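So the structure is just underneath, and the comments pick up after that.
The values are calculated or read from the model by the stated rules, or taken from the named source; none is laboratory data. Every value quoted in this text rests on a predicted model; they were computed, and no experiment measured them. Every residue, glycine among them, receives a Cβ derived from its backbone with ideal geometry; neighbour counts consider all protein chains shown. Areas reflect the complete protein model, heavy atoms only, side chains present, ligands, DNA and RNA absent. Shrake-Rupley method; radii C 1.70, N 1.55, O 1.52, S 1.80 Å.
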Amino acid sequence: MNRRRILRSWWLWAIVIIFGFVVLPNILSGGDDYHGVNTSDALKQVSAGNVVKVVIDDKAQMIKLDLKSGDRFQGKYTKISAQYPSGAADEVYNTLSAASAKSDGLSFRTYVAKDNTWLSLLFSLLPFLLIFGVLFFVMSQVQGGGNRVMSFGKSKAKLVSKDTPKTTFADVAGADEAIQELDEIKEFLANPAKFQAIGAKIPKGVLLYGPPGTGKTLLARAVAGEAGVPFYSISGSDFVEMFVGVGASRVRDLFEQAKSNAPAIIFVDEIDAVGRHRGAGMGGGHDEREQTLNQMLVEMDGFDVKGGVIMIAATNRPDILDPALLRPGRFDRQIAVGAPDVIGREAVLKVHAKGKPFAADVDLGVIARRTPGFTGADLANVINEAALLTARNNGRLITLAALEESIDRVIAGPERKTRAMSDKEKRVTAYHEAGHALTAWAMPNLDPVHKVTILPRGRSLGHTLVLPLEDRYTQTRAEILDQLVYALGGRAAEELVFHEPTTGASNDIEKATKLARAMVTEYGMSTKLGAVKYGTGDAEPFMGRDYGSQRDYSEDIAADIDAEVRDLIEGAHDEAWEILQQYRDALDAMVLELVEKETLSKDDLERILEPVRKRPPHNTFTAFGKRTPSDRPPVDIPPSLRKHAVNGSANGNGANGANGAQPGVTPEPVTPQPPASGGGYFGPPPTGGEYGGPPRP
């Protein structure tokens, strides 16, 4: 705590004032030189006629005597004092009166002390001052400092100064489209004449939305570093306070500051904290948050709007924002910032790899293909985890093995090396994971199996890892059916070998059921129910998600949906059983090596599963009705127009690893997801939507 802050503290000056009223008067008045004696001795001096002056202090119940110059008390005191009880006041007064009548030289007077007016006023106001001080302290804690108590209606936005370390667009990778849109804003601020010459107007607002970790805030920091104009940064929660009207006041103050320094940029992070849909939820419709939103709408595009202020906002939930906030004229541009593709991931890895020593065998392109669905934050975590592992092992170079381990740590958590498993549990887990790996190897539309392990990691006792060769965004019915077979491979292996299931397949069953239900109710892949979407799928984020949601179909349709889901699950379960029964020898061989090595690589799997042949693809969809599919094949894309994938195949139709299968298709790049309790896990199929990223344990 510095000296200036102490001098500005209110409690210090309160102590000084109290000291001045209470202590200082006593110090300045000084003490008297009267020697205290017994009351009887003082009265004897009065009776003997040795006193020339007497002062009676009625309040202090004391008499002060000035003796004659020749009559010193005890030979040295000419001024003495004595106290008397309140009941003896009349007797003392009478004694002094009688002595004064006898001696002409004796005079006395009575002194009635009066209370200090200011001191009395201070003590009467002291309770109120204490209450005010407590309230003052509480408000100062709420507002983040005593010197800001009276400015709680002011904006908390931080102005990016020249001393702040700058982030530029060169530090951002994997979001080329978003960079291009934001770079145009920077160019407009630097050279507005170029756009005004053809009548173009710069957008008043830009909304960055996407899943967590994709770099929305990083893009805003890059804009702050590149813009060259005042940049105000604030969080949406900074507008929300317990006092009514504070949020709206802060919005006004923020825009007043920005307009006074126009052209300027305002960045609001997590705008969903204040920009939620008005009138939603179970409470009242006109609360403090809605007043704040109303003020923000007026400031962005109201009756009296001055140009020169551009607002950039970021959110993970654009679906809950108020429509009035999203309309053109406020947020003219809405930029999706999603997980990067394989080229973007490699660029992100290169950004985070700067300044770190890597071994000669490290190829960041391989790591990029190994991490489908990872966001920028995940990739940064991968590089950092690899560096930490290298330092922990006293290494000097980050190796490929360290990067592989860091990827597994990000996906499923660290290894639990100290967890002791019995031989029985280890054998069950080995068969479970081998069942997943064998069924995945036999299905024609699944991605290649990258690794199988029975080492506990995170919440799983083991896992089977399949990795796509490229980023894909759609999926066929046959490919989803293959994923259902893969999902139930672990459960089928338990039933086939041990004649009873375990709890290790609970997460597999959950995901398989969710996928089968999505096929029926969302994707229109049921031959019986047709291409109809059942259920609105609109969650109520303001009412506890599914609280209060209602079905929009009958009980008969609900029974048909359940029956279709059951048929899909049973069909996949039966096919997984057939594969494991057909290749039981390969299953047992894989289990023996798993128990011995604990982890099998892709090369090990190719050797063990060499006898396994691909099953024919699922061509069971017959819900065409009166529509007869054409026998005419699709046209071939000319070689000059083909976009070659990173793995060397054109149009995404290259060979699937060493098995020659067509690659599976997913709406978003995804990574494996660990099970809830033991057992293996599989890469989940898409459930539609715009956001993708590595699912969390």
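Here are a few things to note about the model shown:
- Per residue, the stretch 347-412 exposes an accessible area of 43 Å² to a 1.4 Å probe, with every protein chain left in place.
- Multiplying the residue separation of GLU596 and LYS79 by 0.36 nm and subtracting their alpha-carbon distance yields 175.3 nm.
- A Förster distance of 41 Å, applied to the separation of the beta-carbon atoms of LYS417 and ARG613, puts the FRET efficiency at 0.65.
- For the stretch 386-504, with +1 on Lys and Arg beta carbons and -1 on Asp and Glu, the positive-most of THR502, ILE454, ALA387 along the dipole: ALA387
- Modelled spin labels at LYS626 and LEU397, positioned 7 Å past Cα toward Cβ, are 7.1 nm from each other.
- Note, ³J(HN,Hα) from phi for the stretch 79-95, Karplus 6.51, -1.76, 1.60, rounded to Hz, x at Gly and Pro: 10, 10, 9, 8, 9, 9, x, 5, x, 9, 5, 5, 5, 5, 5, 5, 4
- Karplus-derived HN-Hα couplings along the stretch 215-224 (A = 6.51, B = -1.76, C = 1.60, θ = phi - 60°), whole Hz, x at Gly and Pro: x, 5, 5, 4, 4, 5, 5, 5, 4, 4
- The label-point distance for LYS528 and GLN582, in a model that sets each label 7 Å from Cα toward Cβ, rounds to 2.7 nm.
- Pairwise label distance in nanometres, VAL366 with LEU121, each label 7 Å out on the Cα-Cβ vector: 8.6
- Normalised by the number of residues in the stretch 347-412, the average gap of Cα pairs under 8 Å and 6 or more apart makes the relative contact order 41 percent.
- Sequence-distant residues sharing a close amide H with GLY462 (under 5 Å, placed H): ARG457, GLY679
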